[in-house]
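Down below is the structure, laid out as structure tokens.
Read-outs: derived from the displayed coordinates by stated rules, not from any lab. This one's a predicted model, so the numbers in the text were calculated from it and none came from an experiment. For neighbour counting, all protein chains shown are included, and Cβ atoms are generated from backbone atoms with ideal geometry for every residue, glycine included.
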């Protein structure tokens, strides 16, 4: 039985629950060398309720995508617990996850590489329905409805086109239609708008939000761009080097970030005000660490302007700063 007493920000009754989840990749540098581990996701605890969106943000290499794929059990965790709708799926075999596959889906970053160039739009969207044994008549109705929901109308204009005949925004709409056609309960959206024009991004996020509100779908929205998360997110998890830095309600964290890394990410958001075009932005120096050999103590300490001796020696615990906001930083620990 999983105990959540040590992770009070996790609600064990929600749809998706990860408790101290780890995903380490084994690296064998030589025939006679001891194996090393790339700690891509290290001790992450989160929960996502029905109809709720958790934004997962951080730099490239922070473990966002690995966490998303682990939540979908596309990767088998190396530690911790993963629950879906109250059922433990942490170590379940693939053959035992058919029910789970029917209730989950993913939208990938690159809509061109994620769509088979040899298949037309109709087959791309209905393939999950074929796998799940849906009748041809029902498949046609569900494909048409999915295309209408992502605003690819008239539907007849798109059914028999191939990915190379569509724009980037249209391809991503097809990817979303494929993700929602089976009416899943949980979707991982991995940078779904990062490769699209700015004019298309808000429209795509609005489509996702409307679908979520109607079907009460839970989302894990992975992004490196905090500014897009505001259209779509209820909670936010800030990750750094595979670890949790800060977690809490989106608006509260953005309004008053506490972790130095969260502050740096928000400081880096472009300001559209022309009066500020000559203002100098604070930039955190250095580079993210090598996850095969992360620094001791707090993984952010080599780049942190507030680093203390204890930051170099010990990992910080998650501390509740305000109601519902938790931060892993020694600055807030009373000693």
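If you count the DSSP beta bridges with both ends in the chain, what percent of them are antiparallel, to the nearest 5? The antiparallel proportion sits near 60 percent. According to the calculation over all Cα-Cα pairs in segment 165-308, the P(r) per 10 Å bin from zero is 9, 33, 32, 20, 5, 0 %. The listed peptides 21-32, 198-209, 182-193, ordered by packing as a protection proxy, come out as 182-193, 198-209, 21-32 (highest mean of other Cβ atoms within 10 Å first).
Applying 1/(1 + (r/R0)^6) with r as the Cβ-Cβ distance of residue 145 and residue 103 and R0 = 30 angstrom yields a FRET efficiency of 0.95. Approximating the spin labels as points 7 Å out from Cα along Cα→Cβ, the residue 215-to-residue 315 distance works out to 3.6 nm. Kirkwood radius, segment 38-138, all distinct C-alpha pairs, inverse of mean reciprocal distance: 16.1 Å.
Only helices enter this figure: runs of n ≥ 4 DSSP H residues, each worth -39500 (n - 2.57), summed and divided by the residues of the chain, yield -8000 deg cm²/dmol at 222 nm to the nearest 500. Just how many % of Cα pairs in segment 159-225 lie over 13 Å apart, if you round to the nearest whole percent? Counting pairs separated by more than 13 Å, the tail of P(r) holds 66 percent. Here, segment 86-166 is characterised by an Rg to Rh ratio of 1.03, where Rg is the alpha-carbon radius of gyration and Rh the Kirkwood radius. Ordering 112, 300 by the number of other Cβ atoms within 10 Å of each residue's own Cβ, fewest first, gives 112, 300.
One chain, two ends: residue 230 and residue 76. Fully extended at 0.36 nm per residue, the span grows by 52.4 nm beyond their Cα-Cα distance. If you take the Cα centroid of segment 291-324 and the Cα centroid of segment 22-42, the two points sit 22 Å apart. How far, in degrees from 0 to 90, does helix 198-215 lean away from the longest principal axis of the Cα atoms of the chain, to the nearest 10? Computed tilt is about 80 degrees. For the chain, the longest principal axis of the alpha carbon atoms and the long axis of helix 121-131 meet at an angle near 80°. Any idea what % of Cα-Cα pairs in the chain are farther than 36 Å? So the pairs more than 36 Å apart make up 24 percent of the total in the chain. Quick one: angle between helix 136-149 and the longest Cα principal axis of the chain, in degrees between 0 and 90, rounded to 10, please. Roughly 60 degrees, rounded to the nearest 10. Separation of segment 74-116 and segment 172-244, taken as the distance between their Cα centroids, equals 17 angstrom. A full extension of the chain between residue 118 and residue 206 corresponds to an added length of 28.7 nm, given 0.36 nm per residue minus the alpha carbon distance. Spin-label model, residue 31 to residue 131: label points 7 Å out along the Cα-to-beta-carbon direction sit 4.0 nm apart.
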